[in-house]
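Asks: I have a structure here, written as structure tokens, and I will follow up with some questions on it.
The values are calculated or read from the model by the stated rules, or taken from the named source; none is laboratory data. Please read all numbers here as calculations on a predicted model, not as lab measurements. All Cβ positions, even for glycine, are placed from backbone atoms using ideal geometry, and neighbour counts span all protein chains on display.
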Amino acid sequence: MEVRYQGFAQRQSARAYQFDVVKKGEPSHRFIVTVDLSLFRAYGVLIQEGLSLCSSKLVADLERNFAGPHELTAEDLRAYVNARSLAEAKRAEMRKTPRRRI
């Protein structure tokens with residue numbers, strides 16, 4: 001499965017990211033993932049991260065055969081921010097740990 005970004009449309013306070021999904025030997029299908037832009041501000045996520053977050057959300061939805069509207073939710077952004085914070089904490093801890101010389 002290949003996911004191809006086709007652009008976005010601004011819809012009042014939301015953004016609709018458009019993707020074509022191509023499976024080998026099948027025609028492509030257009031999918032739209034929407035996100036309320038206020039969620040980016042609420043969770044401190046840069047709007048530039050929206051594309052990869054929406055792409056990941058679409059792939060996850062398709063892998064679990066979700067057939068409803070695809071939407072990046074507050075729960076998705078909260079999970080992303082938590083995972084990012086944990087990764088940053090681990091990197092910081094690694095920098096603090098003194099290296100032993102042998």
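Asks: Of all residues in segment 49-73 being over 12 Å from the mean Cα position of the chain (by Cα) and surrounded by 10 or more Cβ atoms within 10 Å (Cβ to Cβ), which is nearest to S13 (Cα to Cα)? Let's see the steps before the verdict.
Replies: First, pick out the residues of segment 49-73 that are over 12 Å from the mean Cα position of the chain (by Cα): 62-69.
With the extra rule that they be surrounded by 10 or more Cβ atoms within 10 Å (Cβ to Cβ), the set shrinks to 62, 66, 69.
On the way: L62: 26, F66: 25, P69: 17 Å.
Result: P69.
Asks: Right, here's the next one. Restricting the search to segment 18-42, which residues are hydroxyl-bearing (S, T, Y) and either in contact with a Phe, Trp or Tyr (Cβ under 6 Å, 6 or more places away or on another chain) or at pLDDT below 95 (or both)? Can you show your working first?
Replies: Keep residues of segment 18-42 that are hydroxyl-bearing (S, T, Y), which gives 28, 34, 38.
Across segment 18-42, the qualifying residue is only S28.
Asks: Any residue that is within 24 Å of M1 (Cβ to Cβ) and assigned to a helix (DSSP H, G or I) - is there at least one of those in segment 34-48? Steps first, answer last, please.
Replies: Going through segment 34-48, the residues within 24 Å of M1 (Cβ to Cβ) turn out to be 34-35.
Keeping just the survivors that are assigned to a helix (DSSP H, G or I) gives none.
For segment 34-48, residues within 24 Å of M1 (Cβ to Cβ) and assigned to a helix (DSSP H, G or I): absent.
Asks: One residue is enough: does segment 64-82 have a residue meeting the conditions assigned to a helix (DSSP H, G or I), of a type in the set (D, E) and free of Cβ contacts under 8 Å to residues at least 24 places away in the same chain?
Replies: Looking for residues that are assigned to a helix (DSSP H, G or I), of a type in the set (D, E) and free of Cβ contacts under 8 Å to residues at least 24 places away in the same chain, one finds at least one in segment 64-82, hence yes.
Asks: Given the condition surrounded by 11 or more Cβ atoms within 10 Å (Cβ to Cβ), under 16 Å from M1 (Cβ atoms) and at pLDDT 95 or above, answer yes or no: does some residue in segment 74-85 qualify?
Replies: No, the conditions are met nowhere in segment 74-85.
Asks: For segment 1-15, how many residues meet the condition of being in contact with a helix residue (DSSP H, G or I) (Cβ under 9 Å, 6 or more places away or on another chain) and assigned to a strand (DSSP E or B)?
Replies: Looking only at that region, the number is 6.
Asks: Name every residue in segment 9-35 that is in contact with a Lys or Arg (Cβ under 9 Å, 6 or more places away or on another chain) and without any contact (Cβ under 8 Å) to a residue 24 or more places away in the chain, in order of residue number.
Replies: A9, Q18, D20, V22, H29
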